[in-house]
Amino acid sequence: MNDLKMPVPTIMREGDCIVLQGPVTIDHVVRLTRQGVALFGNQSLMVDLEGVTDVDSTIISMLLEWQRAAQKTKRSLQFIHMSESLKSLIQLYGVMELFPVSRDHASEFGAA
């Protein structure tokens, strides 16, 4: 029997930022999607993805669901510290324009 356990991702709110850490894969995306929306409150937020360690395509659906939930209540989300693997997935799926980034982090997508 294998005693190695996969890391469990965490999500928390720190001021005006939602901080996501650990793997965001099919094993955890439903829980993370719900928890993320529950953390929104009534203001626009940044989503810090620096601590995300592993991703699969389900992270895109989670981030898009967060965007929809924020837009329903006229709030905005900006994503910061995206990994190269996440940026590659977003580009592969052709949805780059749906992911606003903070002006301070616009260079992450090659934006001016």
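The values are calculated or read from the model by the stated rules, or taken from the named source; none is laboratory data. Just so it is clear, the model here is predicted, and its values are computed rather than measured. Note: ideal-geometry Cβ built from the backbone for every residue, glycine included; neighbour counts use all protein chains shown.
Quick one: in segment 90-105, which of the residues that are in contact with a strand residue (DSSP E or B) (Cβ under 8 Å, 6 or more places away or on another chain) and either among the polar types (S, T, N, Q) or surrounded by fewer than 17 Cβ atoms within 10 Å (Cβ to Cβ) (or both) is modelled with the lowest pLDDT? I'd like the intermediate steps shown before the answer.
As a first pass, look at segment 90-105 and keep what is in contact with a strand residue (DSSP E or B) (Cβ under 8 Å, 6 or more places away or on another chain): 99-102, 104-105.
The next check asks that each one be either among the polar types (S, T, N, Q) or surrounded by fewer than 17 Cβ atoms within 10 Å (Cβ to Cβ) (or both); those that pass are 100, 102, 104-105.
Working: P100: 75, S102: 61, D104: 57, H105: 51.
Filtering segment 90-105 for residues that are in contact with a strand residue (DSSP E or B) (Cβ under 8 Å, 6 or more places away or on another chain) and either among the polar types (S, T, N, Q) or surrounded by fewer than 17 Cβ atoms within 10 Å (Cβ to Cβ) (or both), the one modelled with the lowest pLDDT comes out as H105.
Out of Q78, Q21, which single residue is in a strand (DSSP E or B), modelled with pLDDT under 95 and on the phi < 0 side of the Ramachandran plot? Don't jump to the end; show me each part of the working.
On the way: Q21 fails: modelled with pLDDT under 95.
One residue alone meets the criteria, Q78.
Picking from residues in segment 33-59 that are part of a helix (DSSP H, G or I) and in contact with a helix residue (DSSP H, G or I) (Cβ under 6 Å, 6 or more places away or on another chain), the one that is nearest to I90 (Cα to Cα) is T58. Could you grab the pairs with beta carbons closer than 8 Å, sequence gap of 6+ or different chains, first residue in segment 41-60 and farther than 14 Å from L20 by Cβ, second one part of a loop (DSSP other than H, G, I, E, B) and basic (K, R)? Sorted first by the residue in segment 41-60, then by its partner, the pairs are N42/R75; Q43/R75; S44/R75.
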